[in-house]
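**Q** Pasting a structure here, questions to come.
The values are calculated or read from the model by the stated rules, or taken from the named source; none is laboratory data. Bear in mind the structure is a predicted one, so any value in this text is a computation, not a measurement. Counting neighbours? That spans all protein chains shown, and the Cβs are built from the backbone with ideal geometry, glycine included.
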């Protein structure tokens, strides 16, 4: 199956062209009435489960969920969020998946990461690029949670620089022989099926290339290393995986040979957006915790909430929460309209939401004062869980670099901003400010093009 591949970004152009339609869709987490109904049916049981059975402090202390929580998650169908209905899942769009994951992460980030990774990187490669035979064999068990998915890209010597991976798959007759190691694999200790990014140099006559392979983790030659002792999200499983002479059928190749990096670009759009949704849930929790504290805590004879400096901190965080939500809904709608088209937008969502969540948790701790630095209040846990967001699914610094390259190749933002203002009815001072910002951005981009010889 060819499947979708990332499109060249033109973020300002598409926003201007789709402004009216997008405005209608930003008020909801769903793309259709039937999806909204399914989401509402899920919410009742999900909220009870999270409220009554999920204790983030206890999970953090144990370093795992325990079988009971995983079994409840399976019974609710949480491992089938993004899997098509014909294979036993909900068949939710990216937009709806984000709503569920942010709701889970509000209560516990470890569970949010586990479910979110499975819904994104854990299953999207198979859904998008797998043969009908592979999908029919594996997706029903993945939808039920009997089989949990993981994604193997990072290596001890290769993180953001995916092209330098050393894990190799060599074709021997009708089977691949896989050798190499993968580091920091989320869900590794729970998973039964992995998508592995491997070098496939020489495959089908190609001199160099990477491919995605679907690898059952019960095959001979696969060994899992010990659980990593992490700063945060301690309830999630993170382990290395070693592959030594692992033989698997050529039919386990996902999509076209040697298109692995392009395919990776698409599945990371889902992974980064869902991860950003987890950041939204965490930021919501931090803001509510901070708001409740300053309403009751008194200093100098009045509640902290009455001080202008405190009000400003809360207002800034609330504004960012609103922007996070709108950005995620926009990503989800763009992906629904044109699969594989949110490479730029998903990177933006990941960077903005991970950093906004960090600010929300940091401000929450600051407003708690000394008590926030004590683990027993639970605020320190929020901050520890937040820190991974700026590293997961591509370091923010690397993503900023790629977003900058996307802007250099995009059209003039000034022209698109003018069109957007006309469509949205923006006038007066707000329009002047937007147009001024666009002109400055266009000027900066032109300067970079001249500096580096880009036409």
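**Q** Right, residue 65: at pLDDT below 95, crowded, with 23+ Cβ neighbours inside 10 Å, in contact with a helix residue (DSSP H, G or I) (Cβ under 8 Å, 6 or more places away or on another chain) and over 23 Å from residue 264 (Cβ atoms) or not? Give the derivation first.
**A** Numbers: at pLDDT below 95: yes; crowded, with 23+ Cβ neighbours inside 10 Å: yes; in contact with a helix residue (DSSP H, G or I) (Cβ under 8 Å, 6 or more places away or on another chain): yes; over 23 Å from residue 264 (Cβ atoms): yes.
For residue 65, the condition - at pLDDT below 95, crowded, with 23+ Cβ neighbours inside 10 Å, in contact with a helix residue (DSSP H, G or I) (Cβ under 8 Å, 6 or more places away or on another chain) and over 23 Å from residue 264 (Cβ atoms) - is met.
**Q** Within region 39-62, count every residue that is out of contact with any helix residue (DSSP H, G or I) (no Cβ under 8 Å at 6 or more places or on another chain) and farther than 25 Å from residue 186 by Cα.
**A** Counting residues in region 39-62 that are out of contact with any helix residue (DSSP H, G or I) (no Cβ under 8 Å at 6 or more places or on another chain) and farther than 25 Å from residue 186 by Cα gives 5.
**Q** Looking at the structure I just gave you, is residue 369 surrounded by fewer than 18 Cβ atoms within 10 Å (Cβ to Cβ), under 23 Å from residue 236 (Cα atoms) and in the same structural domain as residue 310 (by TED's automatic domain parsing)? Step through it out loud before you land on a result.
**A** Numbers: surrounded by fewer than 18 Cβ atoms within 10 Å (Cβ to Cβ): yes; under 23 Å from residue 236 (Cα atoms): no; in the same structural domain as residue 310 (by TED's automatic domain parsing): yes.
When the stated conditions are applied, residue 369 does not pass them.
**Q** Can you name every residue in region 294-313 that is in contact with a helix residue (DSSP H, G or I) (Cβ under 6 Å, 6 or more places away or on another chain) and either part of a loop (DSSP other than H, G, I, E, B) or within 10 Å of residue 367 (Cβ to Cβ) (or both)?
**A** If the condition is that a residue be in contact with a helix residue (DSSP H, G or I) (Cβ under 6 Å, 6 or more places away or on another chain) and either part of a loop (DSSP other than H, G, I, E, B) or within 10 Å of residue 367 (Cβ to Cβ) (or both), then 294, 297, 304, 305, 310, 313 are the ones that fit.
**Q** Looking at 443, 414, 453, 425, can you tell me which residue is out of contact with any strand residue (DSSP E or B) (no Cβ under 9 Å at 6 or more places or on another chain), touching a residue at least 12 places away in the same chain (Cβ under 8 Å) and not assigned by TED's automatic domain parsing to the domain that holds residue 18?
**A** Sole residue among the options that is out of contact with any strand residue (DSSP E or B) (no Cβ under 9 Å at 6 or more places or on another chain), touching a residue at least 12 places away in the same chain (Cβ under 8 Å) and not assigned by TED's automatic domain parsing to the domain that holds residue 18: 414.
This table checks each residue for (1) surrounded by fewer than 20 Cβ atoms within 10 Å (Cβ to Cβ); (2) part of a strand (DSSP E or B); (3) over 18 Å from the mean Cα position of the chain (by Cα).
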{"site": "241", "(1), (2), (3)": "no, yes, yes"}
{"site": "278", "(1), (2), (3)": "no, no, no"}
{"site": "291", "(1), (2), (3)": "yes, no, yes"}
{"site": "315", "(1), (2), (3)": "yes, no, yes"}
{"site": "324", "(1), (2), (3)": "no, no, no"}
{"site": "327", "(1), (2), (3)": "no, no, no"}
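**Q** While we're looking at this one, here's another question. List the strands (runs of 3 or more DSSP E) that sit entirely inside region 184-227 and contain at least 2 residues that are closer than 20 Å to residue 124 by Cβ and outside the structural domain of residue 109 (by TED's automatic domain parsing). Show your work before the answer.
**A** Details: elements: 193-199, 210-216, 222-224.
Fully inside region 184-227 and qualifying: 193-199, 210-216.
**Q** Would it be correct to say that residue 383 is in the same structural domain as residue 295 (by TED's automatic domain parsing), closer than 24 Å to residue 408 by Cα and assigned to a helix (DSSP H, G or I)?
**A** Values: in the same structural domain as residue 295 (by TED's automatic domain parsing): yes; closer than 24 Å to residue 408 by Cα: no; assigned to a helix (DSSP H, G or I): yes.
So residue 383 does not fit the description; no.
**Q** Separate question: Determine which member of the set 22, 42 is assigned to a helix (DSSP H, G or I) and at pLDDT 95 or above.
**A** Numbers: 22 fails: at pLDDT 95 or above.
Exactly one residue qualifies, and that residue is 42.
**Q** Okay, next question. Looking only at region 129-167, how many residues end up being touching a helix residue (DSSP H, G or I) at 6+ places or on another chain (Cβ under 8 Å), under 18 Å from residue 212 (Cβ atoms) and in a helix (DSSP H, G or I)?
**A** 9
A quick yes/no check of all residues on (1) surrounded by 21 or more Cβ atoms within 10 Å (Cβ to Cβ); (2) in contact with a helix residue (DSSP H, G or I) (Cβ under 6 Å, 6 or more places away or on another chain); (3) closer than 21 Å to residue 204 by Cα:
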position: 236; (1), (2), (3): yes, yes, no
position: 246; (1), (2), (3): yes, no, yes
position: 257; (1), (2), (3): no, yes, yes
position: 266; (1), (2), (3): yes, no, no
position: 273; (1), (2), (3): yes, yes, no
